[in-house]
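Input: one structure, supplied below.
Each value in this text was obtained by applying a stated rule to the coordinates, not by laboratory testing. None of these values were measured; they are calculated from a predicted model. Glycine gets a Cβ as well: all are built from the backbone with ideal geometry, and neighbour counts include every protein chain shown.
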Amino acid sequence: MSKTDTKIRPAETIVFPHKEDIPENARLKLPIHQTVWLVNGELREWKGPFNTVLSPVCMKSAKGLERVEVGSHPMLTKEAAVEAVESAFNAYAGGRGLWPTLTVKKRVESMLLFVQGMEQKREEVVRLLMWEIGKTRKDAEKEFDRTVQYIYDTMEELKDVNRENAQLQKEEGIYAQIRRSPLGVALCMGPYNYPLNETFATLIPAIIMGNTVVFKPARFGVLLIQPLLELFREHFPKGVVNVIYGEGKEIIGPIMETGKIDVFAFIGTSRVANIIKRQHPKPNRLKSVLGLEAKNPAIVLPDADIDNAVAECLSGSMSFNGQRCTALKILFVHESIVAKFNEQFIAALNKLQPGMPWEDKVGITPLPEKDKPAYLKELVDDAVQKGATILNEGGGAMQESYFHPAVLYPVSSDMRVWEEEQFGPVIPIVPFRSVSEPLEYIDESNYGQQVSIFGKDPNRLVELIDPLVNLVCRVNLNSQCQRGPDVYPFNGRKDSAVATLSVHDALRVFSIRTTVAFKDLPMNKQIVTNVLEGRKSNFLSTDYIL
Ligand code: G3H
């Protein structure tokens, strides 16, 4: 296919601001030097080295374009990181600590105070999301609000679970009360693309189920946790939440080698997850909750509603510049409609406005990872060398932290972008003749998170739905891939995930069903009646939380 005749875009499509161009609603007093970390119930001053946080947003200065300095945060030594594990370990105290033995009602009350405090920090966190990772204001607000809602939903869900478990069962002459108990010490590490939401999607359920935690913020989006540190300190007992900062390679190994981590909650790459897991001396003790890579494809059938398919594929591949694990990362389009699809896709892409995160209607923003533009360029160059064309004018143009989206066509199996998870604004389009082609692609892939299928004929769609549900974990019909709503299961096959997350499932993965059982003997009944009537136990209890 020849290049489309859509409007020509100049190579340099983004305009970085001067200091005085920053609007009032994006201003922050920068740089923010965070000098404390949270350990053993104390916001402790760090005396060691610090890391400088640079924004994806560059500013024009006399020296040219420069990334804005957002601030700095501590870089802990391995000794300090291990101290955080000891703090969480001591707070758990072999299950005898204050937090793991507290009633669910009291844990929910602590979480409520935390989230109410968090809501007061919305604007500060939203602005830091814009400055630290280049997320648009709209998406940053969505991330914050979604996280707050997730916390409220989690509290309600736990109350529901607790109510369901408030009764005793009797089978084969044995009474039992079955409840969910915590697992121990959890290490929670989140990703930079959702440094608040995805991190809290494991951190909050881990805490509320009675575990104690060591929490390491993501690679980028670190300072936005600072406004919440005092809330963690204030609303949870000493040692329940410990927040550490530093170079993963330096501090995570020593943490694992202590053998004191019971749950490893991590969103990142399978390569790193495998390295970290191997460092634990007791593999069976370590439970993993992992969100890993994905290469979600779209399959656009000949009878698809092209307007809808284009809109969903564009949003699916370009929201937050393609930096979502659920992003559509390869588009299979039937050869009979691919020319029309490409033309409409490029026209729609050209309407996305590059700009600063705080600008109204902005659709594409600079990238936080320093080496990302160069990596994306490698992918594009490789594909072009092997026969693909960049369909959109200016596609692949780079300016400091900015990479202008590149639509590649036709993409084939010998190109790196066929397999590699680009996690950025590169959109490979593959023409296909038979649906067996995308099906084979998914079957052979290392990943198995989600897929989007576009078409109208129910019979043809079912021919895809039925095999696809055995290859991935969510089949999206005429809609892009996504994690939400958060009450739905979020998971994956192969190297895409370990364990299922949702408001309900996360409570399960951070706990284990535990039973108190007794034979139907007068002595036992008398003991248990005494415990229940006297409200003597936090576990063996028929109390209802309203
Ligand atoms: O990065 C992966 C996120 O879980 C995606 O979530 O589909 O809501 O953007 P989302």
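Mind scanning 47/78; 138/238; 135/249 and naming the pairs with a C-alpha gap bigger than 24 Å?
Where the Cα-Cα span goes over 24 Å, the pairs concerned are 138/238; 135/249.
While we're on this one: Run the Debye formula on the Cα coordinates of segment 367-504, all scatterers equal and no solvent, and tell me log10 I(q)/I(0) at q = 0.17 1/Å.
Taken in order of the listed q values, log10 I(q)/I(0) reads -1.08.
Continuing with the same structure: 7 Å from Cα along Cα→Cβ at both residue 176 and residue 479: what's the point-to-point distance in nm?
Going from the residue 176 label point to the residue 479 one covers 3.8 nm.
Suppose we take every Cα in segment 267-323 and form the convex hull; what volume per residue is that in Å³? Working shown, then result.
Details: hull volume 6.0 nm³, N = 57.
Convex hull volume per residue, Cα atoms: 106 Å³.
7 Å from Cα along Cα→Cβ at both residue 523 and residue 249: what's the point-to-point distance in nm?
The answer from the label model is 6.3 nm.
With a Förster radius of 51 Å, plug the Cβ-Cβ distance of residue 466 and residue 258 into 1/(1 + (r/R0)^6) and report the FRET value to the nearest 0.05. Display every interim value, and only then the final one.
Numbers: r = 47 Å, r/R0 = 0.92.
Step by step, r from the Cβ atoms, then E = 0.60.
Per-residue ellipticity at 222 nm for the chain, helices alone: DSSP H runs ≥ 4 residues times -39500 (n - 2.57), over residue total, nearest 500 deg cm²/dmol? Don't skip to the answer; put the middle values down first.
On the way: 17 runs with 199 residues, N = 546.
It comes out at -11000 deg cm²/dmol, rounded to the nearest 500.
Would you mind calculating the relative contact order of segment 149-238 from Cα pairs under 8 angstrom and at least 6 residues apart, reporting the percent as a whole number? The partial results should precede the final answer.
On the way: 85 pairs, mean separation 21.7, N = 90.
Worked out over segment 149-238, it gives 24 percent.
So what's the net charge close to residue 211: Lys and Arg +1, Asp and Glu -1, counting the other residues with Cβ under 12 Å from its Cβ? Present the calculation step by step, with values, prior to reporting the outcome.
Working: positive: 107, 180, 287; negative: 262.
In short, +2.
Right, next: Is there a quick way to get the dipole size of segment 142-206? I mean about its Cα centre, with the Cβ of Lys and Arg at +1 and of Asp and Glu at -1; what is the value in debye to the nearest 20?
The dipole of segment 142-206 has a size of about 160 debye.
Once you treat every alpha carbon in segment 137-286 as an equal point and sum by Debye, what is log10 I(q)/I(0) at q = 0.08, 0.16, 0.21 Å⁻¹?
-0.27, -0.95, -1.39
Pairs 106/170; 170/277; 260/494; 159/216; 216/494; 351/494: which exceed 32 Å Cα-Cα?
170/277; 351/494
Okay, moving on. List the aspartates and glutamates whose alpha-carbon lies under 12 Å from that of residue 60, not counting same-chain residues fewer than 8 positions away?
20, 21, 400
Okay, next question. With a Förster radius of 25 Å, plug the Cβ-Cβ distance of residue 106 and residue 514 into 1/(1 + (r/R0)^6) and report the FRET value to the nearest 0.05.
Working: r = 19 Å, r/R0 = 0.75.
E(calc), rounded to 0.05, equals 0.85.
For the chain, state the semi-axes of the equivalent ellipsoid (square roots of 5 times the eigenvalues of the alpha-carbon gyration tensor), sorted largest first and rounded to whole angstrom.
With the √(5λ) rule applied to the chain, the semi-axes are 44, 30, 19 Å.
Using the basic label-point model (7 angstrom from Cα toward the beta carbon), what is the residue 45 to residue 416 distance in nanometres?
Rounded to a tenth, the inter-label distance reads 4.7 nm.
Which residues among segment 407-428 fall inside the zone where the amide N is under 12 Å from a point 7 Å beyond the Cα of residue 444, along Cα→Cβ?
412-415, 418-419
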